[in-house]
Amino acid sequence: MEQSILGISSELMIDHFNIWVSNPEKAKEKLLNIGFNSIPDSLSQVHTGQGTAGKYFYFLNAYLELIFVYDQNEFTNNNIINEQLDFAERNDYRKNGASPFSIALKLKDYDVEKIPFEKIRYHQNWMEKQANIYSAKNSKLRLQEPSIFVVYPEIESDTFETLADLNKIPDEYAFARQFYRHPNGAKKITKIIIKSPKLDSNTKTIQSINGIKNIRVRNGTENLMLLYFDENVQGKSFDLRPDLPLIVYL
C-alpha cells in the first residue's frame, strides 16, 4: 500500500509539525534532557489573535513546535470566530481522544488550487494582507486524524542541507545558527510516523499526507509520534511518554 501512494502528494512537503501540550515547560524540559537545543523563550513566537504560543526546536529540514494556550480569553474568542477550525478540540485531546499532532505543509510552486483536499481559509492580522493559511476541513470533522494545514511562502521555514550551510544565514542573524546545533548530534528529520486509533486511512487528507516522502500516518493503539533523526544512525531511542506522546530515535 505504501508503495502505491508514493507520489500522490509530490507537490506537498513538510514545513513543520506541532504537538499540543498542557504543560509546555515540562514538555520542553523532556526534550532538553535528551540533548536537544531549543529557541529561547524570549525569541519564541506568540500567535497574536489565536491565543497560543510555542516552544520551538529547529532542525536542518523542519522544526518541531510544542504548541499551547497562552491567553485563554483570546483562545476562546478565536475559536468562536473561527468555528470551523479545530484548535479547541486539539487542545483538549486528553479528554476527547483527538490527535494532539498538527502537520504544517508547504507547496512546491505555491498555488492554493494544488491543495489536494477540502480546505478552510484562516487569516490573522499578523499575516500579510492577502495571505492565508489553509486548514484541512477534515481536521475539525475527523479528530482522529492529525490536524493538517498549508502555510504560504512568506512564512515557510528555512531549510539547509548541511550544518555548513548555516553560514547562509545573514551575519546579522548569526546568533540563530546555534539553534540548529544539538548536543545529541541530531541534524535532519528523516522519518515521522504518526499513530492514531480508529484512523480511516482512505480519506483525501490521510492519502495526501501518506504520499509525502518520509511521513506516514497509521492506525495504532494510542496517539503517538515516532520521530527519526539521521536514519537512526546512533541506534538510540528515547520514550518521552507520558509527558509527551513521542518516541525519539537518534
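In table form, for the structure just shown:
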read-out	value
Residue among Asn214, Asn132, Asn202, Asn223 that alone is more than 22 Å from Asn37 (Cβ to Cβ) and in contact with a His (Cβ under 6 Å, 6 or more places away or on another chain)	Asn132
Yes/no for Ala98 being farther than 20 Å from Ser157 by Cβ, under 18 Å from the mean Cα position of the chain (by Cα) and in a helix (DSSP H, G or I)	no
In segment 21-66, residue surrounded by the most Cβ atoms within 10 Å (Cβ to Cβ) [restricted to those that are under 16 Å from the mean Cα position of the chain (by Cα) and in a helix (DSSP H, G or I)]	Leu31
Residue check for Ser135: open to solvent by less than 50 Å² (accessible area, probe 1.4 Å), closer than 22 Å to Asp86 by Cα and in a helix (DSSP H, G or I)	no
Odd one out for Arg121 among (1) farther than 20 Å from Ile39 by Cβ; (2) buried (at least 17 other Cβ atoms within 10 Å of the Cβ)	(2)
Hits in segment 77-98 (condition: of a type in the set (D, E, K, R) and open to solvent by 30 Å² or more (accessible area, probe 1.4 Å))	Glu83, Glu89, Asp92, Arg94, Lys95
Residue under evaluation Met225, criteria (1) open to solvent by less than 80 Å² (accessible area, probe 1.4 Å); (2) outside any strand (DSSP E or B); (3) under 26 Å from Pro245 (Cβ atoms); (4) modelled with pLDDT of 95 or more, criterion not met	(2)
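The values are calculated or read from the model by the stated rules, or taken from the named source; none is laboratory data. Only a predicted model underlies this, so the values are computations on that prediction, with no experimental measurement involved. Because the Cβ atoms are built from the backbone with ideal geometry, glycine has one as well, and the counts that use them run over all protein chains shown. All accessible areas refer to the heavy atoms of the entire protein, side chains included, with ligands and DNA or RNA removed. Shrake-Rupley method; radii C 1.70, N 1.55, O 1.52, S 1.80 Å.
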